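Asker: Take a look at this one; I'll ask things after.
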Amino acid sequence: MEKAYAIIPAAGLSTRMGSTTTGQARKPLIEVGGAPILIHTLRKWDGIPGLAAIYVPARAEDLEAIAACVAEERFQTPVRVLEGGNARQESVWNALEEIAAVGAVAGADPLIAVHDAVRPFVARETITAALTAAERHGAVIVALPAVDTVKQVERSAGDSNRITATLQRERIVLAQTPQVFRLSLLRQAYAKAIEDGFHATDEAALVEHFGHDVFVVPGSAHNWKITTPADLPLAQIFLSLLA
C-alpha cells in the first residue's frame, strides 16, 4: 500500500443536529456508545496499512476538547488536530497545506483520503479498497447505486415542487466517503476552485471542476452519516451490534 494521509474534517456547525441553537456539543463530540462519534470514526482509520498520519481540522473553540479526546485514546497512527475553516472546503485546504508545510510529502505524491467525522460505520475493507483504487486512478470516491426512482424537480413556493425529469437511476450514485486523491491533483483542484470562486460540498466536485475524471468504488448502506438527532438512537443500536 502506498503512503497515505487521512483528513477527517470536524469543523462543521452541526446546524441539522441543532447544536448551534441548543448549546449541545457539535456532532463529532456527541457521545454515543461510550465515546464521541469522532473517536469511533478515528478507530476505523487507526492502523490502516500505509497511513502515515490523520489530520482533524476542528473549530477553534473545539480544539482543546478534541485534542483531549484524541490524547486519551492513544492511537497507533499519529493524529494531528488543527484549526479548520468555516466550511469543509476551507478545513480540508488547511490540512492539505499543513501536510505540505511540515515536509511530510518529501518529494512523493501520496494519497489523501477525506472522510466525514460523523461517518463512523465505514468498514476498514472499504477504506482499503478506496486507497487501492486511488493508487491506479488518482481520484476515487466511495458511493452507492441509487435503488429508488430519482426525480428532478423545480423548486416552487410552499411544499409543492414540480417534477421536471425522471433520471436513469442506473447512472446515479449516492456519494459517501472516503474520497481519495493524489495530493498534487487535490491541491491543483483546490487552487482552481479558489481562483474561480467555486464552492462544493465534497472534494470530488472540486476535482471534477478541475477537469479530472473521478472513479467510483462500491460503498455500503452501513456507511451512513450521523446528521440529525433522530440518527443518534440508531447509531447507538449499530454500535451495540458491532460491539
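Every read-out reported here was derived from the displayed coordinates using simple, explicitly stated rules and does not represent laboratory data. The structure displayed is predicted, hence computed values, not measured ones. Virtual Cβ from ideal backbone geometry, glycine too; neighbours counted across all protein chains shown.
Asker: Just want the answer: with Cβ charges of +1 for Lys and Arg and -1 for Asp and Glu, which residue in 167, 110, 91 is farthest toward the dipole's positive end in the chain?
Answerer: 167
Asker: Using a ≥ b ≥ c from the Cα gyration tensor of region 186-243 (square roots of the eigenvalues), is it rounded, prolate or oblate, where a/c under 1.5 gives rounded and otherwise the larger of a/b and b/c decides, a/b for prolate? Walk me through the intermediate numbers first.
Answerer: On the way: a/c = 4.37, a/b = 2.35, b/c = 1.86.
In terms of gyration-tensor shape, prolate.
Asker: Another question, if that's okay. Which of the trypsin sites (Lys or Arg not before Pro) found in region 96-195 are loop residues per DSSP with 13 or fewer other Cβ atoms within 10 Å of their Cβ? If you can, show how the numbers build up before the last one.
Answerer: Details: sites: 124, 136, 151, 155, 162, 169, 171, 182, 187, 192; in loops: 155.
Sites meeting the loop and neighbour criteria: 155.
Asker: So what's the back-of-envelope 222 nm ellipticity for the chain, counting only DSSP H runs of four-plus at -39500 (n - 2.57) apiece and dividing by all residues, rounded to 500? Intermediate values should be presented prior to the final figure.
Answerer: Values: 8 runs with 86 residues, N = 243.
My calculation for the chain gives -10500 deg cm²/dmol from helical runs alone.
Asker: Just for the chain, what percent of DSSP beta bridges are antiparallel, to the closest 5?
Answerer: Numbers: 17 of 35 bridges.
Looking only at bridges with both residues in the chain, the antiparallel portion is about 50 percent.
Asker: Moving on. Excluding residues fewer than 8 places away in the same chain, name every one of the lysines whose C-alpha is closer than 26 Å to that of residue 27.
Answerer: 44, 225
Asker: Please report, in debye to the nearest 20, how large the charge dipole of the chain is about its Cα centre when each Lys and Arg carries +1 at its beta carbon and each Asp and Glu carries -1 there.
Answerer: It comes to approximately 440 debye.
Asker: At what distance in angstrom do the alpha carbon centres of region 70-147 and region 210-235 lie from each other?
Answerer: 14 Å
Asker: Given contacts defined as C-alpha pairs under 8 Å and at least six residues apart, what's the relative contact order of region 100-243, whole-number percent?
Answerer: Numbers: 204 pairs, mean separation 46.7, N = 144.
Reported as a whole number, the value is 32 percent.
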